[in-house]
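Asks: Below: one structure in structure tokens.
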Amino acid sequence: MINKFNSILFVCGLNGLRSPMAEGLVKSNFKKKVYVDSVGAEVGILDPMAVEVMAEINIDISEHRPKSLSGLLDTSFDIIVILSDRAENLVYEMMKLESIEILNWPVGDPSDVEGNREQRLNAYREVRDCLRNKIEELFSTNSV
């Protein structure tokens, strides 16, 4: 199977939760097929619960260092996936002159969920699994 794209960028609000999870999922499953990176609308901190739920499926994102879209030196990606409303306007503004496919996957922010530790972890797991399903679908529909 050959991908119709060679590079993908995931963008969320702070590059500390959703986009690093998505980057980790792609690197774990498709590393040899596509270049992947992730950024935020702003620079945040890596969320420990995101690290924990990714470790549950044997993906280590603990070394991820959050970075911002404005700090990207190279914007020549084939696909940009927007994961939060916070990043949407910024991505469209920065990429308006680029010939890049932009996908909008509005994924909830599990850090907004209240409750005990297990309830909060379940919210992170739901986001992880949602991202995994969307990524698998993206790769299955963009392969020849």
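Since every read-out is calculated from the coordinates, none of them should be taken as a lab result. These numbers were taken from a predicted model, which means no experiment stands behind them. Here the Cβ positions follow ideal geometry from the backbone for every residue, glycine too, while neighbour counts run over all protein chains shown.
Asks: Suppose we keep only residues that are among the β-branched types (Val, Ile, Thr), touching a strand residue (DSSP E or B) at 6+ places or on another chain (Cβ under 8 Å) and outside any loop (DSSP other than H, G, I, E, B) within the stretch 41-93. Which one would you say is surrounded by the most Cβ atoms within 10 Å (Cβ to Cβ)?
Replies: If we take residues in the stretch 41-93 being among the β-branched types (Val, Ile, Thr), touching a strand residue (DSSP E or B) at 6+ places or on another chain (Cβ under 8 Å) and outside any loop (DSSP other than H, G, I, E, B), then Val81 is surrounded by the most Cβ atoms within 10 Å (Cβ to Cβ).
Asks: Considering only the stretch 94-111, I want to know if a residue exists there that is among the hydroxyl-bearing types (Ser, Thr, Tyr), surrounded by fewer than 16 Cβ atoms within 10 Å (Cβ to Cβ) and in a loop (DSSP other than H, G, I, E, B).
Replies: Filtering the stretch 94-111 down to residues among the hydroxyl-bearing types (Ser, Thr, Tyr) leaves 99, 111.
Now narrow it down to the ones that are surrounded by fewer than 16 Cβ atoms within 10 Å (Cβ to Cβ): 99.
From what is left, the residues that are in a loop (DSSP other than H, G, I, E, B) are 99.
Yes: one or more hits.
Asks: Pick from Ser76, Ser111: which is farther than 16 Å from Ala22 by Cβ, touching a residue at least 60 places away in the same chain (Cβ under 8 Å) and polar (S, T, N, Q)?
Replies: Numbers: Ser111 fails: farther than 16 Å from Ala22 by Cβ.
Residue meeting the stated conditions: Ser76.
Asks: Moving on to the next point. Which residue pairs have Cβ atoms closer than 8 Å, lie 6 or more positions apart in sequence or on different chains, and pair a first residue in the stretch 33-62 that is of a type in the set (Phe, Trp, Tyr) with a second residue that is surrounded by fewer than 22 Cβ atoms within 10 Å (Cβ to Cβ) and outside any helix (DSSP H, G or I)?
Replies: Note: pairs meeting the criteria are Tyr35/Asn6; Tyr35/Ser7.
Asks: If you check Ser19, Ser28, Ser38, which single one turns out to be part of a helix (DSSP H, G or I), under 12 Å from the mean Cα position of the chain (by Cα) and closer than 23 Å to Phe139 by Cα?
Replies: Numbers: Ser28 fails: under 12 Å from the mean Cα position of the chain (by Cα); Ser38 fails: part of a helix (DSSP H, G or I).
When all the criteria are applied, what remains is Ser19.
Asks: Still on this structure, I have one more. Pairs please, first residue from the stretch 80-107 and among the polar types (S, T, N, Q), second anywhere and buried (at least 19 other Cβ atoms within 10 Å of the Cβ), Cβ atoms under 6 Å, 6+ apart in sequence or on different chains.
Replies: Ser84/Cys12; Ser84/Gly13; Asn104/Ile82
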